[in-house]
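Have a look at the structure below, then the notes.
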Amino acid sequence: MPGKKALVLFWTKNGNTGKVAQRIHDTLQQAGMDVSISPVTKDLKIEYLDYNLIFLGAPVYENLSPKPVMSFLHRNRRRDGVKLLASAPEVPGIAAVPFCTYGGGHTGYNEAVPMLKHIGQYFEHEGIRVVDEIAVVGVFPEADESYNTRGRFGDIRKRPDEHDLEDVAGRVRGILHRLHRVIPLGELHI
Ligand SMILES: Cc1cc2nc3c(=O)[nH]c(=O)nc-3n(C[C@H](O)[C@H](O)[C@H](O)COP(=O)(O)O)c2cc1C
């Protein structure tokens with residue numbers, strides 16, 4: 001359905017980012033979008049311009065994306081037909097939202113920022129407007145226990161929890177409200 005196509009791309013190792021991706025997908029679907037969800041795999045190539053709204057997310061690893069996501073971003077920029085133009089003129093009818101899960105056990109939200117901005121640059125270089133960024137706190141399973149109990153966000157051993165996921169759903173609905181006049185999203189149930 002033109003104007004209503006959304007894509008949720010994600011990579012997850014321990015499931016936190018997978019839960020967030022699924023909630024984004026379900027919220028878009030409930031709103032009436034024609035939405036696909038896909039993990040980032042080794043040879044994945046995506047034509048971003050086939051969609052109106054793209055969410056791309058991963059866990060933060062050492063302040064940036066994990067290697068498979070880094071490789072995807074690099075590879076996908078080299079797909080057929082992509083031309084990076086001076087001033088990155090905006091493409092109408094499409095928007096992107098980077099998202100992540102992260103522990104934040106050392107410096108809190110600042111641990112999410114470089115990765116969200118880094119992913120965002122891949123979209124903006126193609127003229128795809130980045131309309132929001134979503135960072136969700138997630139337990140760091142293999143880490144020193146103190147990272148999950150005495151970090152900047154306190155006890156995060158059960159995060160993301162239902163409250164976090166409801167917050168994500170609200171953010172997604174907000175994005176749809178914001179965009180429905182600039183991207184022809186049609187009649188949405190939001
Ligand atoms: C190798 C590795 C490096 C990580 N580096 C960071 C980091 O720099 N900052 C941070 O806030 N969290 C870091 N984390 C925590 C993860 O971002 C967090 O646990 C995330 O929710 C895991 O997502 P997943 O369950 O989808 O794999 C790291 C986790 C791993 C395994």
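The values are calculated or read from the model by the stated rules, or taken from the named source; none is laboratory data. Note that the structure is a prediction, hence the values are computed from the model and not measured. Neighbour counts are summed over all protein chains in view; Cβ atoms, including those assigned to glycine, are modelled from backbone coordinates with ideal geometry. What goes into the accessible areas is simple: the full protein's heavy atoms, side chains included, and nothing from ligands, DNA or RNA. Shrake-Rupley method; radii C 1.70, N 1.55, O 1.52, S 1.80 Å.
Assorted remarks:
- Amide H contacts of Ala95 (H built 1.01 Å from N, in plane; Pro and chain starts excluded): Leu53, Ile54 sit under 5 Å, all sequence-distant by 5 or more or on other chains.
- When only alpha carbons of the chain are considered, Rg and Dmax amount to 16.4, 49 Å.
- Extension gain (nm, one decimal) between His189 and Leu49, 0.36 nm per residue minus Cα-Cα: 48.0 nm
- In the context of the full set of protein chains, the chain has a per residue accessible area of 51 Å² (1.4 Å probe).
- Fluctuation leader among Leu84, Leu64, Leu56 - the chain, Gaussian network, Cα springs under 10 angstrom: Leu84
- Arg79 accessible area, assembled protein chains, probe 1.4 Å, Å²: 20
- Ordering Thr149, Val91, Gln29 by the projection of their Cα atoms onto the charge dipole of the chain, which places +1 on the Cβ of Lys and Arg and -1 on the Cβ of Asp and Glu, puts Val91 at the extreme positive end.
- Surface share of carbon and sulfur [accessible, 1.4 angstrom probe, percent] for the chain: 50
- Estimated from helices alone, the mean residue ellipticity of the chain at 222 nm is -10000 deg cm²/dmol (sum of -39500 (n - 2.57) over DSSP H runs with n ≥ 4, per residue).
- Here's how it looks for Ser36: its modeled amide H is under 5 Å from those of Ala6, Leu7, Val8, which are all 5 or more places away or on a different chain.
- Farthest positive-ward along the range 5-179 dipole, Cα basis, beta-carbon charges - from Gly138, Ala169, Tyr48: Tyr48
- Spin-label pair His180/Leu85, simplified geometry with 7 Å Cα→Cβ offset, distance in nm: 3.1
- For the chain, the dipole from Cβ point charges (+1 on Lys and Arg, -1 on Asp and Glu) about the Cα centre works out to 380 debye, to the nearest 20.
- Pairs over the 30 Å Cα-Cα cut-off, from the set Lys5/Lys83; Lys67/Lys158; Lys19/Lys83; Lys4/Lys158; Lys13/Lys117: Lys19/Lys83; Lys4/Lys158.
- Highest mobility in the GNM of the chain, judged by mean-square fluctuation with C-alpha springs under 10 Å and restricted to Leu28, Leu176, Leu116, is found for Leu176.
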